[in-house]
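I have placed the structure first, in the form of structure tokens, so that the comments after it can refer back to it.
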Amino acid sequence: MDTTQGASSHAFTHHRGYRRMFAPGALTLGIYLPLRFYQGDMRALAGQADLVAAMDRLGFAAAWVRDIPLYDPRFGDAGQLFDPWTYLAYLAARTESLALATGSAIFTLRHPIDLAKAAASLDQLSGGRLVLGTASGDRASEFPAHGVPYDKRGERYAQAVHMFRRLLQPGPASIDGPLGSMAGLELLPKPVAGAIPLVVTSSSGQSLAWIGRHADGWLTYPEATETREGPRRLADKIRAWRACIPDGGFRPHMCNEWLDLVDDPDYPRTPVRGGYVLRTGRKGLVDLLGEWREAGVNHAALGIQHGRRPALEVLQELAQEVLPHFPPHAAPARAVPRW
């Protein structure tokens, strides 16, 4: 595969995670972890892996984890706390079909060799279920801690993407660039399907043309989810991005939303917490997801950790009342041993 651009969809024909999540004209559902918001007590995560295993059985398309190396109280959000690679490997052993997605791995704060080694290992251990959301990072306080200039994150991100892709290609790599040089050395293992879908989050310091050329998918934030104007703006953004894809082939778009699903099915879509969270009943959620699908969104990643109801109750309602409208796609059977 050409390291200078993203892959067409046919490159992922045998990638189980990609196939479960994405198809043209359709939308699937995933869930962001943690399922309950951490507020200083690790017990908030108790039983979470059991619920992720239930998500697998219930038919969700993906589980998403975030990459937050250091807790910054000014953000007040530590994600799922566990290292994303370690935790996804643990969840891979608890699930069979669920795609395992990062949303997003911070490519500016780690070396591409380490990222490629972890990603390819997880892809193999999960039987080809890793979908790799990537980003340049937006928490300025983490950068001096890693010795990385914050104002260079866009440039470093693009360099890391290039080197990461080169490392996963067949055979030894010849690399001479700003992040390292090597010749005659090979990174092992390789991905199950020969490549790992690499999703760009927001702009990651790049132009829309760069994202169109290099991304295997695009993850963006929603637009005014309480109105129909937001999905219209989202559709314009997706069309503009897809016009930048060189071969004109299908590449999926993803959108995320932090959700407070109330038990009244008719509760209207209402932004709360300064618009950061959408409070709604299931009918409003189904309407929103349908509008996203019409706008060109192929996967919705929902975070329920800010909600007030028990996580299992919310997951069961989503599975019974929402998932039938947005089911996961059939994916290839596992083709590698269970290591």
For Cα pairs less than 8 Å apart in space and 6+ apart in sequence, what is the mean separation divided by the residue count of the range 68-156, i.e. the relative contact order in percent? 30 percent
Please find the FRET efficiency linking A26 to R110, where r is the Cβ-Cβ separation and R0 is fixed at 30 Å, and quote it to the nearest 0.05. 0.35
Protein chains only, probe 1.4 Å: how do R74, R338, R251, R19 rank by accessible area, largest first? R74, R338, R19, R251
Enumerate the amide H contacts of G103 below 5 Å, restricted to partners 5 or more residues apart or on another chain; note that Pro and chain-start residues carry no placed amide H. V65, R66, D67
Can you tell me the relative contact order of the range 1-113? Whole percent, Cα pairs under 8 Å, sequence separation 6 or more. 29 percent
So what are the ³J(HN,Hα) numbers for the range 51-59, from phi and the Karplus equation (6.51, -1.76, 1.60; θ = phi - 60°), rounded to whole Hz, Gly and Pro as x? 6, 5, 4, 5, 4, 4, 5, 6, x
For a quick check, take a GNM of the chain with Cα springs below 10 Å and name the residue from I245, I113, I31 with the largest mean-square fluctuation. I113
Whole-Hz Karplus ³J(HN,Hα) for the range 220-225, in order, using 6.51 cos²θ - 1.76 cosθ + 1.60 and θ = phi - 60°, x for Gly and Pro? 10, 8, x, 10, 6, 5
What is the range 209-285 by shape, rounded, prolate or oblate, if you read a ≥ b ≥ c off the alpha carbon gyration tensor as root eigenvalues and call it rounded for a/c under 1.5, prolate for a/b larger than b/c, and oblate otherwise? prolate
Candidates D56, D287, D260, ranked by Gaussian network fluctuation over the chain, Cα under 10 Å, top entry: D287
Using a Gaussian network model of the chain whose springs link C-alpha atoms within less than 10 Å, name the residue from T95, T270, T108 with the highest mean-square fluctuation. T270
Using R₀ = 22 Å, calculate the FRET efficiency as 1/(1 + (r/R₀)^6) where r is the Cβ-Cβ separation of H14 and K117; round to 0.05. 0.50
Can you classify the chain as rounded, prolate or oblate using the Cα gyration tensor, where a ≥ b ≥ c are the square roots of its eigenvalues, rounded means a/c under 1.5, and otherwise it's prolate if a/b beats b/c and oblate if not? rounded
With all protein chains in place and a 1.4 Å probe, D263 shows an accessible area in Å² (nearest 10) of 110 Å²
3J(HN,Hα) from dihedral phi, the range 287-299, Karplus parametrisation 6.51/-1.76/1.60, rounded to Hz, x for glycine, proline: 4, 4, 5, x, 5, 5, 4, 5, 6, x, 6, 10, 7
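The values are calculated or read from the model by the stated rules, or taken from the named source; none is laboratory data. A quick note: this is a predicted structure, and the numbers were derived from the prediction, not measured. As a convention, Cβ positions derive from the backbone with ideal geometry for all residues, glycine included, and neighbour counts pool all protein chains shown. For accessibility, only protein heavy atoms count, side chains too; no ligands or nucleic acids. Shrake-Rupley method; radii C 1.70, N 1.55, O 1.52, S 1.80 Å.
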